[in-house]
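The values are calculated or read from the model by the stated rules, or taken from the named source; none is laboratory data. None of these values were measured; they are calculated from a predicted model. Every residue, glycine as well, gets a Cβ built from its backbone with ideal geometry; the counts of neighbours run over all protein chains shown.
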Amino acid sequence: MKQVTMTVNGRSVTQLVEPRTSLADFVREQLRFTGTHLGCEHGVCGACTVLIDGEPQRSCITYAVSCDSAQVTTIEGFDDDALMADMRTAFHENHALQCGYCTPGMLVTARDIVRRLPDADEKRVRLELSGNLCRCTGYVGIVRAILSVLAKRKAA
Amino acid sequence: MKPAKFDYERATDVAHAIGLLKGSGGFTKILAGGQSLGPMMNLRLAQPDLLVDIGRIEALKRIEKTHDSLFIGALVRHAMIEDGKAPDTTRGYLRSIAGNIAYRAVRNRGTVGGSVVHADPSGDWPTAMLAAGASARITSANGARSVGLDAFFTGAYSTVVGEDEVLEGLSVPAFSDHARWGYYKICRKPGEFADSIGAVVIDPARSYARVVLGATDGAPILLPALASRVAAGQAVSIADAGAAIDAVHSGFDPFDRQIHATALSRAITKALAA
């Protein structure tokens, strides 16, 4: 076991971890932030996407032990984030989820698209979403939700 | 889908990393971004006894421009190049390639050095860096050495980097103002492993032309005969590219041969139109 200290959703935590424990399993099993979902566990499906030091990364192929001193934000950590609040509303209004399994990762990626690419069109949004798989919606609602937040920000 | 047990040590500098590599009895892997190693360990294709994490070594994160080259430290992440945080010395070549590797979440953690030294045939950087004429700086307890990428890859997932050596970074020659390049990757879905990669760099001011075929069953393949043709400004059809492939590699089945010929021909067309 190795000791690791990191900030998760604004709170400093120090815990012992097995080196092989992924960041995803760490936040789910040891910190009980179960909003982070595990799908493929090899970096393809995007369900486990969280922010590490402010950037979206895969928590299933990142070891908790290697995140010592990092700032981690899971889906539970966006309560005070205005952009994420807009995105949640847009997902709701555009039927951008059905079963919800992909949604935590989708929201983290969607927020990053708006933050990084304010001029993205539908084609670009779809390309940027290629690392997050949804098996329910066919992506139409998700793309529409992201485009609506982009348009709202442009108009503001 | 969970990795087998392993030990973990974090290296504070390159000398410490080399010491940890030398001191380990079993199968040891260096961990940089872990975006290839992580999946392989989760799938238990790789079961190292020890991971030496070099991710915190600041010296490996440097980007340095000299008068005729750009040095990219091994730990520079793909997204940094995608976002233009490295000086553009290659007329947008490196930036374009970086932005089309896997997915943004992977590009935020994966490293250029890790990709090159992992030497996955389907990886972008091995093929792209070979076409750009890059060389690798490798450090061991006995000092540093520089190896051109044309002598670096020894096969799929295999390089000249020894078990107690660390890749420090890559030196990429600066392109002249009239350099042209083309890069064509055939994937079934954006971000997936490539079925084929064609990479072309032509720089008449430096008398330089390279055509490289990647995502094969082994190391990326240089095609000097095609490079001469492209340097002379001659178009290369899919049939021409297929014939050039036959001259250097006889093992492709008709499907792979066609995919590879198509990627090469399209990359060359893009370079000539640039």
Please enumerate the residues belonging to region A:10-42 that are touching a helix residue (DSSP H, G or I) at 6+ places or on another chain (Cβ under 7 Å), more than 14 Å from every other protein chain (Cβ to nearest Cβ) and in a loop (DSSP other than H, G, I, E, B).
A:Gly10, A:Phe33, A:Thr34, A:Gly35
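Criterion first (in contact (Cβ under 8 Å) with a residue 60 or more places away in the chain, of a type in the set (D, E, K, R), assigned to a helix (DSSP H, G or I) and within 19 Å of B:Gly92 (Cβ to Cβ)) does B:Lys270 satisfy it?
Details: in contact (Cβ under 8 Å) with a residue 60 or more places away in the chain: yes; of a type in the set (D, E, K, R): yes; assigned to a helix (DSSP H, G or I): yes; within 19 Å of B:Gly92 (Cβ to Cβ): yes.
So B:Lys270 fits the description; yes.
Being closer than 22 Å to B:Thr111 by Cα and either charged (D, E, K, R) or within 14 Å of another protein chain (Cβ to nearest Cβ) (or both), is that true of even one residue in region A:86-100? Spell out how you get there, then give the answer.
Quick first cut of region A:86-100, residues closer than 22 Å to B:Thr111 by Cα only: none.
No, that holds for no residue.
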What single numbered condition from (1) more than 14 Å from every other protein chain (Cβ to nearest Cβ); (2) part of a loop (DSSP other than H, G, I, E, B) fails to hold for A:Ile61?
(1)
When B:Trp125 is evaluated against the numbered criteria (1) within 14 Å of another protein chain (Cβ to nearest Cβ); (2) buried (at least 18 other Cβ atoms within 10 Å of the Cβ); (3) under 19 Å from A:Ile61 (Cβ atoms), which criterion, by number, is the only one it fails?
(1)
Pairs returned, first residue in region A:133-156 that is within 29 Å of A:Glu41 (Cβ to Cβ) and assigned by TED's automatic domain parsing to the domain that holds A:Leu38, second residue that is in a helix (DSSP H, G or I) and of a type in the set (Asp, Glu), beta-carbon separation under 6 angstrom, 6 or more apart or interchain, are none
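Listed here are the residues, each with its yes/no results for (1) outside the structural domain of B:Pro126 (by TED's automatic domain parsing); (2) modelled with pLDDT under 95; (3) crowded, with 24+ Cβ neighbours inside 10 Å; (4) of a type in the set (A, V, I, L, M, F, W, C).
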| site | (1), (2), (3), (4) |
| --- | --- |
| B:Lys185 | yes, no, yes, no |
| B:Glu192 | yes, yes, no, no |
| B:Val201 | yes, no, yes, yes |
| B:Val211 | yes, no, yes, yes |
| B:His249 | yes, yes, no, no |
| B:Asp256 | yes, no, no, no |
| B:Thr262 | yes, no, no, no |
| B:Ile268 | yes, no, yes, yes |
Sole miss for A:Gly77 among (1) closer than 30 Å to B:Arg44 by Cα; (2) touching a residue at least 12 places away in the same chain (Cβ under 8 Å); (3) in contact with a strand residue (DSSP E or B) (Cβ under 8 Å, 6 or more places away or on another chain) is condition (1)
Restricting to region B:87-109, count the residues that are basic (Lys, Arg), within 14 Å of chain A (Cβ to nearest Cβ) and part of a loop (DSSP other than H, G, I, E, B).
1
In region B:139-161, the residues that are surrounded by fewer than 13 Cβ atoms within 10 Å (Cβ to Cβ), under 17 Å from B:Ser115 (Cα atoms) and free of Cβ contacts under 8 Å to residues at least 60 places away in the same chain
B:Gly148, B:Ala151
Would you tally the residues in region B:9-60 being within 11 Å of another protein chain (Cβ to nearest Cβ), hydrophobic (A, V, I, L, M, F, W, C), in contact (Cβ under 8 Å) with a residue 12 or more places away in the chain and surrounded by fewer than 21 Cβ atoms within 10 Å (Cβ to Cβ)?
2
Enumeration of residues in region A:137-156 that are surrounded by 12 or more Cβ atoms within 10 Å (Cβ to Cβ), in a loop (DSSP other than H, G, I, E, B) and either at positive phi or in contact with a Phe, Trp or Tyr (Cβ under 8 Å, 6 or more places away or on another chain) (or both)
A:Tyr139
Tell me the strands (runs of 3 or more DSSP E) entirely within region B:124-224 that contain at least 2 residues that are touching a helix residue (DSSP H, G or I) at 6+ places or on another chain (Cβ under 6 Å).
B:166-173, B:180-186, B:196-203, B:208-214
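Say whether the condition of being over 30 Å from B:Leu51 (Cβ atoms), in contact with a Phe, Trp or Tyr (Cβ under 9 Å, 6 or more places away or on another chain), away from chain B (no Cβ under 13 Å) and among the aliphatic types (A, V, I, L, M) is met by at least one residue in region A:67-77. Even if it seems obvious, please write down each step before you answer.
Initial filter on region A:67-77 (over 30 Å from B:Leu51 (Cβ atoms)): none.
Among the residues of region A:67-77, not one is over 30 Å from B:Leu51 (Cβ atoms), in contact with a Phe, Trp or Tyr (Cβ under 9 Å, 6 or more places away or on another chain), away from chain B (no Cβ under 13 Å) and among the aliphatic types (A, V, I, L, M), which makes the answer no.
Results for (1) of a type outside the set (Val, Ile, Thr); (2) within 28 Å of B:Ala261 (Cα to Cα); (3) within 14 Å of chain A (Cβ to nearest Cβ); (4) within 15 Å of the chain's Cα centre (by Cα), shown as yes or no for each residue.
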site: B:Thr111; (1), (2), (3), (4): no, no, yes, yes
site: B:Ser135; (1), (2), (3), (4): yes, yes, no, yes
site: B:Asp150; (1), (2), (3), (4): yes, yes, no, yes
site: B:Asp177; (1), (2), (3), (4): yes, no, no, no
site: B:Ile186; (1), (2), (3), (4): no, yes, no, no
Among the residues of region B:69-78, is any assigned to a helix (DSSP H, G or I) and surrounded by 18 or more Cβ atoms within 10 Å (Cβ to Cβ)?
yes
Is it the case, given these coordinates, that A:Ala110 is more than 24 Å from B:Gln35 (Cβ to Cβ) and either over 12 Å from the mean Cα position of the chain (by Cα) or within 13 Å of chain B (Cβ to nearest Cβ) (or both)?
no
Could you count how many residues in region A:101-132 are of a type in the set (D, E, K, R) and either crowded, with 19+ Cβ neighbours inside 10 Å or in the same structural domain as A:Gly46 (by TED's automatic domain parsing) (or both)?
3
